[in-house]
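Some notes on the structure that comes next.
The values are calculated or read from the model by the stated rules, or taken from the named source; none is laboratory data. Being a predicted model, the structure only gives us computed values, none of them experimental. Every residue, glycine among them, receives a Cβ derived from its backbone with ideal geometry; neighbour counts consider all protein chains shown. Areas reflect the complete protein model, heavy atoms only, side chains present, ligands, DNA and RNA absent. Shrake-Rupley method; radii C 1.70, N 1.55, O 1.52, S 1.80 Å.
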Amino acid sequence: MQLVFVLFQPQVAENVGAAARALKTMGFARIRVIDSAVHRQDPARWVAHGAGDILERIEHYPTLESALADCDLVVGTTAKHRAGGRPLLTPPQLGVQLAEQGASLQQVALLFGREDRGLSNSELDRCDQLSSIPLATTYPSLNLGQAVMLYAYDLAGVQAEARRQKPAQDPEGQLQALRERVSRISETLAFSPETKGYRWAQQRLSQLGAEDVRFLHGFCAALEKKLY
């Protein structure tokens with residue numbers, strides 16, 4: 001499993017530099033930036049201070065969809081206290097869940113929104129999981145660099161353990177393969193995405209542990225033999 005930190009339309013060069021420095025100190029190396037070029041400005045390098053290599057390797061994408069296309073789990077970060085009934089995991093809780101999912105995940109994206117208004121509701125809807133940092137007050141909130149640092153600190157152990165694990169047999173990730181399998185079966189059964197509960201069920205797949213994912217692959221295989 002690889003963790004990639006995705007910054008959506010960052011507006012302040014210094015924040016991207018601070019994020020790069022934080023990731024370097026915690027053993028991470030991958031940043032994706034969406035629809036912004038502030039990481040190429042001098043202040044980003046000044047603040048990065050020793051993490052210039054992270055800035056040089058930043059992957060740039062024009063849209064949210066293109067940046068997340070190869071990720072089999074997307075975790076959106078938000079300062080909102082309500083998320084439409086969806087659970088909000090703290091960084092430590094997120095770390096526990098990722099550790100439990102283990103080899104069923106190939107690539108996990110941790111998505112951070114704009115400095116001034118974060119992620120919109122439609123952008124959060126694109127995420128499989130939501131996470132938030134508990135704060136004593138709603139304002140002032142953490143800036144982008146601080147938020148990245150806290151997540152990097154809490155997830156560093158998960159990333160280190162993932163490096164010691166064998167990669168998933170499915171090159172696209174077992175969880176992503178399960179999602180596609182469930183979608184194909186749903187189409188065969190005329191169970192459309194508009195059906196009540198469909199979207200909720202798809203989101204629940206992202207919370208499954210590695211053993212659960214393997215079990216459901218076996219269940220789907222048995223069902224496919226009856227259907228096809």
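Okay, here's what the table says:
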item	result
First in segment 1-28 and more than 23 Å from LEU98 (Cα to Cα), second anywhere and at pLDDT below 95 and of a type in the set (Ser, Thr, Tyr), Cβ under 6 Å, 6 or more apart	none
Qualifying residue in segment 122-130 (condition: aliphatic (A, V, I, L, M), within 16 Å of LEU89 (Cα to Cα) and under 17 Å from the mean Cα position of the chain (by Cα))	yes
Of residues in segment 59-77 being touching a helix residue (DSSP H, G or I) at 6+ places or on another chain (Cβ under 6 Å) and open to solvent by less than 20 Å² (accessible area, probe 1.4 Å), the one modelled with the lowest pLDDT	ASP72
Yes/no for VAL47 being over 18 Å from GLY76 (Cβ atoms) and either in a helix (DSSP H, G or I) or without any contact (Cβ under 8 Å) to a residue 40 or more places away in the chain (or both)	yes
Segment 10-58, residues that are out of contact with any Phe, Trp or Tyr (no Cβ under 8 Å at 6 or more places or on another chain), open to solvent by 80 Å² or more (accessible area, probe 1.4 Å) and among the acidic types (Asp, Glu)	ASP42, GLU56
Matching residues, segment 90-127, being open to solvent by 30 Å² or more (accessible area, probe 1.4 Å), over 18 Å from ALA19 (Cα atoms), of a type outside the set (Lys, Arg) and at pLDDT 85 or above	THR90, PRO92, GLN93, VAL96, ALA99, SER120, ASN121, SER122, ASP125
